[in-house]
Amino acid sequence: MTQDVLNNDISADQASTIAGINDFILGYLGYDLRLVKILEVADQSEDCLANTYAGLLWMLSETGDVPSEARRYHERAAQSVTNALPREKLLFSVLEASIADDPEAIIRLTDRILAQWPRDLVILKLRQYHDFIRGRFEDMLAVALRSEDAAGDVAALHGMLAFAYEQCHDLPAAERSARTALAMDASEPWAQHALAHVFLTQGRIDEGTAFLEERSAGWKTLTSFMDTHLWWHLALFYLARNRVSDAVSVYDQHCWTRERSFSQDQVGAVSLLVRLELAGADVEDRWTDLANWLTSRQDDVSQPFLTLQYLYGLLRAHRPEGQHLLRRIEGLSGQNLPDQRAWDLVGIPLARGLNAYLHNENASALLSFNAALPHLQDIGGSHAQRDLFIQIHQNLQRRMSQA
């Protein structure tokens, strides 16, 4: 029986397919660009797992819909699923549930997989992703803890634990897990990321700045999201010390230089531009440039956390697509979406509040913000990311007090 790099049984028997599967596992866990090799490998293989991984990679691209390539790899995987191992069949079902936009099925399936195969850290990370985007931070931690005994020898597991602890406000445990991961692998990016969160939350600004600056040279080989997001965190440390010009340089040289069509790069850019503007920087031309990439998001209401930032960027740049997206958001009221609660309690009122804020309709904006902010966790995103809306609310209050 063949095994993958984490000692899970796999049915693949060709060396090139096994290598591609391992590249995807290590690349996905470590935010390394090698993960995309699975696409070429899957195109040349009938292996169910290889094609399932390729389909899942496309589903993680956050295009706002179901990518046709995800469906294509699903069809390829389906042709060999009867010969797949039990774990591989369940992974194929996870891909099916992802395409069907059935998050509860994904939760059930990932629980089942991890109960039997706790070293399937791809599924653990995928499960944490789905918990994270819905604000289920305690679930993120619980599911990682269940794999700790079986996978405690893997640095990435401790990185996942660290970030989950941080999102659950257990900062000492988060730091311990992050440092455990970094002692095993100093380049482990998710542990670096979790420790950056800890430093920022605890106000250890100089320590956090030095920590990230020292490691920044190693980020070039990471995926676009991880590279730009770690730089985003460094920019937050600069802003905390009023180093506004340094933060602007981070935006220009790092945060908005990679995959400009990717969702996470886009919202990272929106979020940083808002913060730069609140700090007094003149970033007007950058809004125009960014909005050119956001116009394709005018119908993207796949995740409220992402959509609200697309909306802000379009409205701030005075693009008509912003009003179109606002109407799409308002049209979600009263539907029966998987994340309907998040839209009703946060997404819809906050979208109206952002629109009013940018049009200097202060009283209306305040009402909408006050309705949405108590439920902000429901839209997912990290504490540091959601703090964007808190900062806008605070600026709104300052504006009103000075009127």
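The values are calculated or read from the model by the stated rules, or taken from the named source; none is laboratory data. From a predicted model like this one, the values you see are computed outputs, not experimental measurements. Using ideal geometry, Cβ is built from the backbone for each residue, glycine included, and neighbour counts are taken over all protein chains shown.
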Report task. Check residue 133 against each of (1) without any contact (Cβ under 8 Å) to a residue 60 or more places away in the chain; (2) outside the structural domain of residue 3 (by TED's automatic domain parsing); (3) among the hydrophobic types (A, V, I, L, M, F, W, C) and name the one condition it does not meet. Result -> (1)
Query raised in the report: Regarding residue 101, is this residue assigned to a loop (DSSP other than H, G, I, E, B), closer than 21 Å to residue 131 by Cβ and either in contact with a strand residue (DSSP E or B) (Cβ under 7 Å, 6 or more places away or on another chain) or not small (Gly, Ala, Ser) (or both)?
Result: yes
Report task. Determine whether the stretch 298-309 contains at least one residue that is within 17 Å of residue 275 (Cα to Cα) and of a type in the set (A, V, I, L, M). Result -> yes
Report task. Considering every residue within the stretch 330-351, establish whether at least one is surrounded by fewer than 21 Cβ atoms within 10 Å (Cβ to Cβ), on the phi > 0 side of the Ramachandran plot and modelled with pLDDT of 95 or more. Result -> no
Query raised in the report: Which of the residues that make up the stretch 321-361 are more than 25 Å from residue 295 (Cα to Cα), in a helix (DSSP H, G or I) and of a type outside the set (D, E, K, R)?
Result: 345
Requested in this report: Would you mind listing the helices (runs of 4 or more DSSP H) fully within the stretch 1-89 where at least 2 residues are closer than 23 Å to residue 114 by Cα and among the aliphatic types (A, V, I, L, M)?
Outcome: 15-30, 48-59, 68-78
Query raised in the report: Quick check, is residue 63 among the polar types (S, T, N, Q) and either at pLDDT 95 or above or assigned by TED's automatic domain parsing to the domain that holds residue 296 (or both)?
Result: no
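What residue, among those in the stretch 294-312 that are of a type in the set (A, V, I, L, M, F, W, C) and touching a Phe, Trp or Tyr at 6+ places or on another chain (Cβ under 9 Å), is nearest to residue 100 (Cα to Cα)?
Going residue by residue through the stretch 294-312, those that are of a type in the set (A, V, I, L, M, F, W, C) are 294, 301, 305-306, 308, 311.
Then keep just the ones that are touching a Phe, Trp or Tyr at 6+ places or on another chain (Cβ under 9 Å); that gives 294, 301, 308.
Working: 294: 25, 301: 16, 308: 23 Å.
The qualifying residue nearest to residue 100 (Cα to Cα) is 301.
Is it true that residue 295 is assigned to a helix (DSSP H, G or I), farther than 30 Å from residue 397 by Cβ and not hydrophobic (A, V, I, L, M, F, W, C)?
On the way: assigned to a helix (DSSP H, G or I): yes; farther than 30 Å from residue 397 by Cβ: yes; not hydrophobic (A, V, I, L, M, F, W, C): yes.
Yes; evaluated as a whole, the condition is true for this residue.
Residue-by-condition table, conditions (1) part of a helix (DSSP H, G or I); (2) surrounded by 14 or more Cβ atoms within 10 Å (Cβ to Cβ); (3) touching a residue at least 60 places away in the same chain (Cβ under 8 Å):
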{"residue": "363", "(1), (2), (3)": "yes, no, no"}
{"residue": "371", "(1), (2), (3)": "yes, yes, no"}
{"residue": "384", "(1), (2), (3)": "yes, yes, yes"}
{"residue": "393", "(1), (2), (3)": "yes, yes, no"}
